[in-house]
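Undergrad: The following block contains the structure, expressed as structure tokens.
The values are calculated or read from the model by the stated rules, or taken from the named source; none is laboratory data. Everything numeric here is computed off the predicted structure, so don't read it as measured data. With ideal geometry, Cβ positions are generated from the backbone for all residues, glycine too; neighbour counts draw on all protein chains shown. Quick note on the areas: whole protein, heavy atoms, side chains included, nothing else; ligands and nucleic acids left out. Shrake-Rupley method; radii C 1.70, N 1.55, O 1.52, S 1.80 Å.
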Amino acid sequence: MALTRQKYTEVIGIASGKGGAGKTTVAVNLALSLQEKGFRVMLFDADLGLANAPILLGTRCPFNISHVMRGEKKLSEIIVTTPQKLRLISGASGNQALAGLTALEVTQLVQAFSDLPEELDYLIVDMAAGIAPSMLALMAACHRRFIVMRNDPSSIADAYGTIKVLLEDKLKDEIYLIPNAVKSKLVGEELFQRVNRVCAKFLTGTVRYPTSIVQDDLIQDAHTHLQPLMTYAPNSRAAQDFRQLAHVVTELPAVEKPSGAVQFFVSRWLPPPLSRELH
Ligand SMILES: Nc1ncnc2c1ncn2[C@@H]1O[C@H](COP(=O)(O)OP(=O)(O)OP(=O)(O)O)[C@@H](O)[C@H]1O
Ligand SMILES: [Mg+2]
């Protein structure tokens, strides 16, 4: 099968508003699904939750972004290769909050990624819960923004709140809403439509629907075994949803122009290619 490689590194930020919506689960399993398709993928764990990406991937990161911010390490020196061969950068550990970064520090951090020697098709950024200014700045620096939402009132309200601030931040394009842990894809799609109708009515823009992820107890089982779902239960229902999400991601039209003033990999930016086929 011909692999459609990216001509530039596409950066996807994954946020939710409310904690526990499934950001890390989506980030890790989307990254692995893209890798399974043959793409070169890196995961940046900017999430300080307990179930963070290194744990879900059964690995440890001896160094993290705080070492880079203090000038003790270069970004390229803190990259870990996980047992699943995923490239991983850890945001911070314990209470060294990435959430407290100043605008200048966020700019420096985003620029440090441009200097990485790695060739990547996708960088997936697992954001911290909430809408701290540094999280919004990181989201603005991404090419696409995914909001993960559960089918419960507070998760829906927080997803809507996050969409609202992103839209107020002039990030009109490239916001996607992913219903997670839903009973069925149909329930997920209906939930998306409901929220998007409210966005259309009360906000300055709408969001897009990539797909939903069903509730699947194997995600928790995988977690208990310190493995990601894609390797623990590759044929499970949710694993198939993550593969579908990866498929949707690879079929999206190239982002035509950077959205924020500060942008990941801006120095690598190329005009949208006429054809993205390698072979
Ligand atoms: N589709 C799903 N089906 C069943 N359980 C799920 C699903 N998605 C996530 N979970 C479970 O929900 C919990 C929270 O998921 P996760 O850690 O990915 O959320 P998060 O948004 O990253 O949380 P935090 O805000 O703490 O970073 C985990 O125990 C995870 O195993
Ligand atoms: Mg998390």
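Undergrad: Under DSSP H, which helices of the chain have Cα atoms covering 24 Å or more of the helix axis and a Kyte-Doolittle average no less than -0.5? Present the calculation step by step, with values, prior to reporting the outcome.
TA: Working: long enough: 185-202 (26 Å, -0.06).
In the chain, the long hydrophobic H runs are 185-202.
Undergrad: Here is a further query. Can you give the translational diffusion coefficient of the chain in µm²/s, computed by Stokes-Einstein from the Kirkwood radius over Cα pairs at 20 °C and 1.002 mPa s?
TA: Details: Rh = 18.7 Å.
The Stokes-Einstein estimate is 115 µm²/s.
Undergrad: Also: Roughly speaking, to the nearest percent, how much of the chain's 1.4 Å accessible area is carbon and sulfur?
TA: Values: 6740 of 12320 Å².
Its accessible area is 55 percent carbon and sulfur atoms.
Undergrad: If you don't mind, another one. Which one, Asn151, Pro133, Val110, projects farthest toward the positive side of the charge dipole computed for segment 10-252 from Cβ point charges (K/R +1, D/E -1)?
TA: Result: Asn151.
Undergrad: Kindly rank 129-135, 184-190, 70-76 from highest to lowest mean number of other beta carbons found within 10 Å of each residue.
TA: Numbers: 129-135: 18.4, 184-190: 15.4, 70-76: 12.6.
For the peptides 129-135, 184-190, 70-76, the packing ranking is 129-135, 184-190, 70-76.
Undergrad: Using Cα pairs closer than 8 Å and at least 6 residues apart in sequence, work out the relative contact order for segment 10-252, in percent. Kindly include the intermediate steps, with their values, before the conclusion.
TA: Details: 452 pairs, mean separation 62.1, N = 243.
Dividing the mean separation by the residue count of segment 10-252 yields 26 percent.
Undergrad: Can you return the aspartates and glutamates within cross-link range of Lys37? Criterion is Cα-Cα under 13 Å, with same-chain partners fewer than 8 residues away left out.
TA: Those aspartates and glutamates meeting the cut-off are Asp121, Glu251.
Undergrad: When ligands, DNA and RNA are left out and all protein chains stay put, how many square angstrom of accessible area per residue does segment 10-252 have with a 1.4 Å probe?
TA: Working: 9940 Å² over 243 residues.
On a per-residue basis, 41 Å².
Undergrad: On to the next question. In a shell of Cβ-Cβ distance under 12 Å around Glu190, excluding Glu190 itself, what net charge do Lys and Arg (+1) and Asp and Glu (-1) give?
TA: On the way: positive: Lys183, Lys185, Arg194, Arg197; negative: Glu189.
After counting each charged neighbour, the total is +3.
Undergrad: Sequence-distant or interchain residues sharing an amide H contact under 5 Å with Val11, placed H: which?
TA: Leu123, His143, Arg144
Undergrad: Setting aside same-chain residues fewer than 8 positions from Lys183, which aspartates and glutamates have a Cα under 16 Å from its Cα?
TA: Asp152, Asp216, Asp217, Asp241
Undergrad: Residues with beta-carbon under 10 Å from that of Ser33, excluding Ser33: net charge, scoring Lys, Arg +1 and Asp, Glu -1? Don't skip to the answer; put the middle values down first.
TA: Details: positive: Lys37, Arg243; negative: Glu36, Asp241.
So the surrounding residues net to 0.
Undergrad: Please list, ordered by chain and number, the residues whose modelled amide H lies under 5 Å from the amide H of Val148; skip anything fewer than 5 residues away on the same chain.
TA: Ala15, Ser16, Ile178
Undergrad: Cβ under 11 Å from Ser90's Cβ, Ser90 left aside: what net charge do those residues give with Lys, Arg +1 and Asp, Glu -1? All intermediate terms of the calculation are to be shown ahead of the outcome.
TA: Values: positive: Arg60; negative: Asp45, Asp47, Asp126.
For residues surrounding Ser90, the net value is -2.
Undergrad: Suppose only helical runs count, i.e. DSSP H with n ≥ 4. What mean residue ellipticity at 222 nm does that imply for the chain under -39500 (n - 2.57) per run, divided by all residues and rounded to the nearest 500 deg cm²/dmol? Don't skip to the end; give the middle numbers.
TA: Numbers: 10 runs with 105 residues, N = 279.
About -11000 deg cm²/dmol.
Undergrad: Right, next: Could you grab the relative contact order for segment 19-67? Cα pairs under 8 Å, six or more apart, rounded to a whole percent. Don't skip to the end; give the middle numbers.
TA: Values: 23 pairs, mean separation 15.4, N = 49.
Reported as a whole number, the value is 31 percent.
Undergrad: Show me, for segment 62-77, the HN-Hα J-couplings you get by feeding each phi into the Karplus relation (A = 6.51, B = -1.76, C = 1.60, θ = phi - 60°), rounded to Hz, glycine and proline as x.
TA: Once rounded to whole Hz, the list reads x, 10, 9, 4, 4, 5, 6, 5, 7, x, 7, 9, 8, 4, 5, 7.
Undergrad: Quick one: what do you get for segment 25-182 if you divide its Cα Rg by 2.2 N^0.38 Å?
TA: Details: Rg = 15.3 Å, N = 158, 2.2 N^0.38 = 15.1 Å.
Dividing the Cα Rg of segment 25-182 by 2.2 N^0.38 Å gives 1.01.
Undergrad: May I pose another question? Return the percentage of antiparallel bridges among DSSP beta bridges fully within the chain, rounded to the nearest 5 %.
TA: Working: 2 of 30 bridges.
If I count the DSSP bridges inside the chain, around 5 percent turn out antiparallel.
Undergrad: Continuing with the same structure: Where nothing but the Cβ of Lys and Arg (+1) and of Asp and Glu (-1) is charged, how large is the charge dipole of the chain around its Cα centre, in debye to the nearest 20? Intermediate results must be reported in sequence, preceding the final value.
TA: Numbers: 29 positive and 27 negative charges, 67 e Å.
For the chain, the charge dipole is close to 320 debye.
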